[in-house]
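**Q** Got a structure for you, written out below as structure tokens; questions coming shortly.
The values are calculated or read from the model by the stated rules, or taken from the named source; none is laboratory data. Note that this is a predicted model, so its numbers are computed, not measured. Using ideal geometry, Cβ is built from the backbone for each residue, glycine included, and neighbour counts are taken over all protein chains shown. Note: accessible area is taken over every heavy atom of the protein model, side chains too, but ligands, DNA and RNA are not part of it. Shrake-Rupley method; radii C 1.70, N 1.55, O 1.52, S 1.80 Å.
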Amino acid sequence: MAGNELLYGLIGSGAGVVVLVLGYNAWQERKARRNAEKAFRSEHRDVLLEGAGAAGGPAEPVEPGGRMEPASARIPAQPPIGRAAEPELPLEARAIDCVARIEAPAGVVGGALVQGAGGPLSQVHRTVRWYGFDDTAHAWLALEAGDKRSFTRMSAAMQLADRRGAVGEREVDAFCAAIQRVCDQFMAVPRFMDRAEALTLAQGVDQFCAALDIQIAVNVVAGEQAFPGTKLRGLAEAAGLVLDSDGCFHARDDAGQSLFVLANRDAALFSPDSLRHGSSSGVTLSLDVPRVASGVEAFDRMVALARQFAGALHGHLVDDNGKALSDASLSMIRSQVQQFQEQMDRQGVPAGSTLALRLFT
């Protein structure tokens with residue numbers, strides 16, 4: 001399967017490998033089975049066990065444009081070691097989530113479980129996704145609050161890291177305690193990932209994010225006269241950019257995903273009123289490299305727009321340190337955008353993919 005090949009490729013590609021403890025041992029399996037039998041007085045097959053993968057260490061590349069330039073790393077993976085007859089959870093659940101497996105032999109309506117978890121999970125400030133195993137389709141399905149289907153096997157998956165950093169012990173404990181309360185409510189039996197494994201995996205995911213988290217900025221600064229807001233808006237809208245609620249103009253692709261943003265270099269956010277009556281000492285165009293699928297094309301479009309602004313407004317292109325950006329500097333930055341996106345492809349997390357959008361948020 002493509003998912004397995006991807007996970008094994010992530011494990012095998014590391015230069016330095018940190019071996020994570022895999023799965024539950026036989027004593028834990030027997031204990032979970034006895035608990036299920038005691039609760040429901042029948043024998044049930046075990047849910048999938050999860051292992052952990054490997055994360056590599058960073059190496060420093062050249063720094064472009066004054067932004068933090070991280071090093072190479074890799075996302076840890078979780079190759080499944082459970083029942084061959086039961087398909088694996090989605091890649092992201094195995095690679096970047098702390099998964100709790102849930103068995104409810106009497107059956108539970110998926111939407112009711114998700115809704116019932118709302119209260120207990122209110123103290124968990126990480127993204128939690130739900131899955132139910134459809135025996136007919138023989139597949140794991142994403143669950144929503146309105147799902148009316150009944151399931152005997154479910155999973156709750158908490159994301160272990162994002163741009164805020166890795167989860168800590170308290171967050172893992174709070175997640176497990178919340179899922180336990182939900183299962184008690186629905187007469188279900190949970191099985192949790194080992195806390196030490198989850199924390200180690202979280203650190204590996206966080207290292208991966210830090211190593212490939214790069215944003216490129218190009219600034220257009222005014223000379224003797226500030227840029228009129230009305231002219232800024234006219235140029236931005238003529239280029240197809242749209243002013244969003246965050247106070248920035250966004251260039252978006254056909255799917256609505258932001259390619260790059262144009263922001264006020266001054267403290268104030270852009271708004272229709274400020275653009276109508278005010279001015280700016282400069283604008284910043286920035287590209288969030290991990291979140292854009294075609295980074296080089298987006299960078300080229302962003303630089304072309306920056307040059308257009310500079311020409312029309314008599315401004316100058318500079319980096320974050322105020323140093324002039326020459327054609328040679330921009331060419332170097334462009335090559336690094338390509339390098340980082342190729343590296344993400346090799347790591348199995350293509351820029352702009354669903355997994356990348358989850359991690360770099």
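**Q** Checking LEU212 against (1) modelled with pLDDT of 95 or more; (2) under 18 Å from the mean Cα position of the chain (by Cα), which test does it fail?
**A** If we test LEU212 against (1) modelled with pLDDT of 95 or more; (2) under 18 Å from the mean Cα position of the chain (by Cα), just (1) comes out false.
**Q** If you don't mind, there's one more thing I want to ask. Determine, yes or no, whether ALA142 is of a type outside the set (D, E, K, R) and over 15 Å from ALA93 (Cβ atoms). Reasoning before the result, please.
**A** Values: of a type outside the set (D, E, K, R): yes; over 15 Å from ALA93 (Cβ atoms): no.
Here the answer is no, as ALA142 does not meet what is asked.
**Q** If I go through the range 134-150 residue by residue, how many of them are closer than 16 Å to ILE102 by Cβ and either touching a Gly at 6+ places or on another chain (Cβ under 8 Å) or not acidic (Asp, Glu) (or both)?
**A** 7
**Q** Taking TRP140 as meeting all but one of (1) in a loop (DSSP other than H, G, I, E, B); (2) buried (at least 19 other Cβ atoms within 10 Å of the Cβ); (3) within 22 Å of the chain's Cα centre (by Cα), write down the number of the exception.
**A** (1)
Condition check ((1) under 27 Å from ALA161 (Cα atoms); (2) open to solvent by 60 Å² or more (accessible area, probe 1.4 Å); (3) among the basic types (Lys, Arg)) across all residues:
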{"site": "ALA251", "(1), (2), (3)": "no, no, no"}
{"site": "ASN264", "(1), (2), (3)": "no, no, no"}
{"site": "ASP273", "(1), (2), (3)": "no, yes, no"}
{"site": "HIS277", "(1), (2), (3)": "no, yes, no"}
{"site": "ARG301", "(1), (2), (3)": "no, yes, yes"}
{"site": "LEU313", "(1), (2), (3)": "no, no, no"}
{"site": "GLU342", "(1), (2), (3)": "yes, yes, no"}
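**Q** In this structure, is ALA293 assigned to a loop (DSSP other than H, G, I, E, B), among the aliphatic types (A, V, I, L, M), in contact (Cβ under 8 Å) with a residue 40 or more places away in the chain and open to solvent by 40 Å² or more (accessible area, probe 1.4 Å)?
**A** Yes, satisfied.
**Q** Can you spot a residue in the range 259-282 that is within 22 Å of ALA356 (Cα to Cα) and either in contact with a Cys (Cβ under 6 Å, 6 or more places away or on another chain) or at pLDDT below 95 (or both)?
**A** Yes, some residue in the range 259-282 is within 22 Å of ALA356 (Cα to Cα) and either in contact with a Cys (Cβ under 6 Å, 6 or more places away or on another chain) or at pLDDT below 95 (or both).
**Q** If I go through the range 148-174 residue by residue, how many of them are closer than 30 Å to THR136 by Cβ and either of a type in the set (Ser, Thr, Tyr) or not in a loop (DSSP other than H, G, I, E, B) (or both)?
**A** Within the range 148-174, residues that are closer than 30 Å to THR136 by Cβ and either of a type in the set (Ser, Thr, Tyr) or not in a loop (DSSP other than H, G, I, E, B) (or both) number 10.
**Q** Identify, by number, the condition in (1) open to solvent by 20 Å² or more (accessible area, probe 1.4 Å); (2) over 18 Å from LEU359 (Cβ atoms); (3) out of contact with any Lys or Arg (no Cβ under 8 Å at 6 or more places or on another chain) that LEU113 doesn't meet.
**A** Of everything listed in (1) open to solvent by 20 Å² or more (accessible area, probe 1.4 Å); (2) over 18 Å from LEU359 (Cβ atoms); (3) out of contact with any Lys or Arg (no Cβ under 8 Å at 6 or more places or on another chain), LEU113 misses just condition (1).
**Q** Just the residues that are among the polar types (S, T, N, Q), under 16 Å from VAL337 (Cα atoms) and in contact with an Asp or Glu (Cβ under 9 Å, 6 or more places away or on another chain), please, taken from the range 283-310.
**A** Matches in the range 283-310: SER294 only.
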